[in-house]
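To start, the structure itself, in structure tokens.
The values are calculated or read from the model by the stated rules, or taken from the named source; none is laboratory data. These numbers were taken from a predicted model, which means no experiment stands behind them. Positions of Cβ are generated from backbone atoms using ideal geometry, with glycine treated the same way; all protein chains shown enter the neighbour counts.
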Amino acid sequence: MTVGKFDILVLPNVFSPKYFTDSLWFAERLPAIVKSASFLEIGTGTGIAALYCAAAGATVTATDINQRAVTNTIRNARKASLPISVRHGDMFAPLFSFEKYDYMFWNHPFNSWNGQVPDMLMRAGIDPDYRDLERYMLHGKSHLTGRGAQLLGSSDMAEVDCINEIADRYGRKLTVLSEGEMPIENGSEVWNTYYIYRIDTL
Ligand SMILES: C[S@@+](CC[C@H](N)C(=O)[O-])C[C@H]1O[C@@H](n2cnc3c(N)ncnc32)[C@H](O)[C@@H]1O
């Protein structure tokens, strides 16, 4: 399927830009922030944001907890002839402790519903109590060079107060770098606002 300027493959059980508008919205805006710097994408899904950043000259590493997303991104990178290092694992686990990037980004699961989420596709949309988001904010800094920033892709459909409360708890501050309104799904009448936040340590 065509997503923005790429013809991509979407494997079953991978978060799909065919239905959700956030993937392309973030992918089109990240290159202007990241430029030709080094870039880590957590939770890459089909790899659409990684493709956009690599095509704009960034050096890109992409990870996902979902093995199918990893396979999907490897195949999309090959298809686009773009050099993206793709790794499988939970949050920062696929990285060496010394590995650092100028920018990192996560289009995080917007829902914080409590409970078990055994299904990998559901983990794309649900992060129970935002425990993964908390780990992203807490441990991201140790993988940053200091020449760029830690970024978060989010929405007003997410629990914005809760996200700010987590940031406060760990001495982090969120600043909006980019925002815009879109239907939440292609063809939907329900609109939401997307945000790219910069996460700073106070
Ligand atoms: C909202 S989807 C975004 C996918 C893709 N970046 C996009 O914009 O289309 C969230 C992604 O994060 C991944 N994910 C969820 N929890 C994760 C974790 N703890 N570590 C790494 N990836 C995770 C999911 O598998 C999913 O691919």
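Points to keep in mind about this one:
- Subset of region 75-88 [touching a residue at least 24 places away in the same chain (Cβ under 8 Å) and either over 17 Å from Lys100 (Cα atoms) or crowded, with 18+ Cβ neighbours inside 10 Å (or both)]: Arg75, Asn76, Ala77, Lys79, Ala80, Leu82, Pro83, Ile84, Val86, His88
- When Asp22, Asp64 are checked against the criterion of being within 11 Å of the ligand (Cβ to nearest atom), within 20 Å of Leu133 (Cβ to Cβ), surrounded by fewer than 24 Cβ atoms within 10 Å (Cβ to Cβ) and at pLDDT 95 or above, Asp22 stands alone in meeting it.
- Only one of the listed residues (Ser154, Ser97, Ser188) is of a type in the set (S, T, N, Q), without any contact (Cβ under 8 Å) to a residue 40 or more places away in the chain and either within 13 Å of the ligand (Cβ to nearest atom) or surrounded by fewer than 15 Cβ atoms within 10 Å (Cβ to Cβ) (or both). That residue is Ser188.
- Of all the residues in region 23-39, those that are in contact (Cβ under 8 Å) with a residue 24 or more places away in the chain and either in contact with a helix residue (DSSP H, G or I) (Cβ under 7 Å, 6 or more places away or on another chain) or in a loop (DSSP other than H, G, I, E, B) (or both) number 10.
- Tally of residues being under 17 Å from Gly43 (Cα atoms), outside any strand (DSSP E or B) and among the aliphatic types (A, V, I, L, M) across region 71-108: 5
- Selected residue [β-branched (Val, Ile, Thr), assigned to a strand (DSSP E or B) and within 20 Å of Arg29 (Cβ to Cβ)] from Ile199, Ile163: Ile199
- Hey, Leu121 closer than 21 Å to Val3 by Cα and near the ligand (Cβ under 9 Å from one of its atoms) or not: yes
- Among residues of region 111-148, those that are without any contact (Cβ under 8 Å) to a residue 60 or more places away in the chain, buried (at least 21 other Cβ atoms within 10 Å of the Cβ) and either part of a loop (DSSP other than H, G, I, E, B) or among the aliphatic types (A, V, I, L, M) (or both), counted: 2
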